[in-house]
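What follows is a short report on a single structure.
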Amino acid sequence: MTPTRLRGTLPGWLRALDEGTFGEAWGELEPHEAAWMIEGAAFARWSLVEAAKEAELLRIAVDPEQRGRGLARTLLRACEAELAATGIRDLHLEVRVSNAAARSLYAGAGWRESGLRKNYYRDGEDAVLYAKRLG
Ligand SMILES: CC(C)(COP(=O)(O)OP(=O)(O)OC[C@H]1O[C@@H](n2cnc3c(N)ncnc32)[C@H](O)[C@@H]1OP(=O)(O)O)[C@@H](O)C(=O)NCCC(=O)NCCS
């Protein structure tokens, strides 16, 4: 399955996956955002600060029935390549300390831990920060 850049309004399956995964759907893409998807299975949503050549991974999710097949790794790799092609150089994200699957995904994709935000989430859990320099 090939990742493609999302254009226009969010498809229904993506909104349902977003809501089912994170408890609430984020809403339509803002002008400073970009998203890539594997149709019907996965999406990754980014916030871009093009002047600073930076992008932040806001959310990545794979349909629970399609996890463990390499879709997130494929999607992340495609996002990184396309962001690099638009001139983005530095990537950032934050993730729950307890999210072992996501942390392993990022570490395996060459991201490095860059900090910790104590009590970051509403339930008091800490966030680990990750960063990656492209190119
Ligand atoms: C995290 C998530 C995106 C991974 O998607 P996926 O398609 O199953 O991941 P992949 O199959 O591409 O796996 C890539 C790597 O991720 C890690 N990984 C994935 N699932 C894992 C699990 N259950 N436990 C530990 N590591 C895991 C592994 O390092 C894996 O590499 P490996 O297969 O060589 O061991 C998926 O579990 C998900 O949607 N989780 C809920 C949303 C979320 O937490 N998003 C991140 C915060 S925004």
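The values are calculated or read from the model by the stated rules, or taken from the named source; none is laboratory data. These figures come from a predicted structure and were not determined experimentally. Every residue, glycine as well, gets a Cβ built from its backbone with ideal geometry; the counts of neighbours run over all protein chains shown.
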Filter result for Ala107 (modelled with pLDDT of 95 or more, on the phi < 0 side of the Ramachandran plot, assigned to a helix (DSSP H, G or I) and out of contact with any Cys (no Cβ under 7 Å at 6 or more places or on another chain)): yes
Tabulated pairs, segment 38-52, first on the phi > 0 side of the Ramachandran plot, second assigned to a loop (DSSP other than H, G, I, E, B), C-beta under 9 angstrom, 6+ apart or interchain: Gly40/Met1; Gly40/Pro11; Gly40/Asp63
Residue check, Ala61 touching a Gly at 6+ places or on another chain (Cβ under 9 Å), within 19 Å of Gly20 (Cβ to Cβ) and either basic (Lys, Arg) or within 7 Å of the ligand (Cβ to nearest atom) (or both): yes
Top-ranked residue of segment 98-127 - restricted to ones that are more than 14 Å from Glu56 (Cβ to Cβ) and in contact with a Leu (Cβ under 8 Å, 6 or more places away or on another chain), ranked as surrounded by the most Cβ atoms within 10 Å (Cβ to Cβ): Leu105
Segment 66-82, subset within 6 Å of the ligand (Cβ to nearest atom) and surrounded by fewer than 16 Cβ atoms within 10 Å (Cβ to Cβ), residue nearest to Ala109 (Cα to Cα): Arg73
Residue match in segment 118-129 (condition: in a strand (DSSP E or B), among the hydroxyl-bearing types (Ser, Thr, Tyr) and without any contact (Cβ under 8 Å) to a residue 60 or more places away in the chain): no
First in segment 83-112 and over 19 Å from Gly124 (Cβ atoms) and in contact (Cβ under 8 Å) with a residue 40 or more places away in the chain, second anywhere and of a type in the set (S, T, N, Q) and more than 7 Å from the ligand (Cβ to nearest atom), Cβ under 7 Å, 6 or more apart: none
Residues being within 18 Å of Leu134 (Cα to Cα) and within 14 Å of the chain's Cα centre (by Cα) - total across segment 36-60: 11
Single match in Gly20, Gly124 (criterion: farther than 17 Å from Met1 by Cβ and within 11 Å of the ligand (Cβ to nearest atom)): Gly20
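If you take the residues of segment 31-54 that are more than 14 Å from the ligand (Cβ to nearest atom) and assigned to a strand (DSSP E or B), which of them is surrounded by the fewest Cβ atoms within 10 Å (Cβ to Cβ)?
Val49
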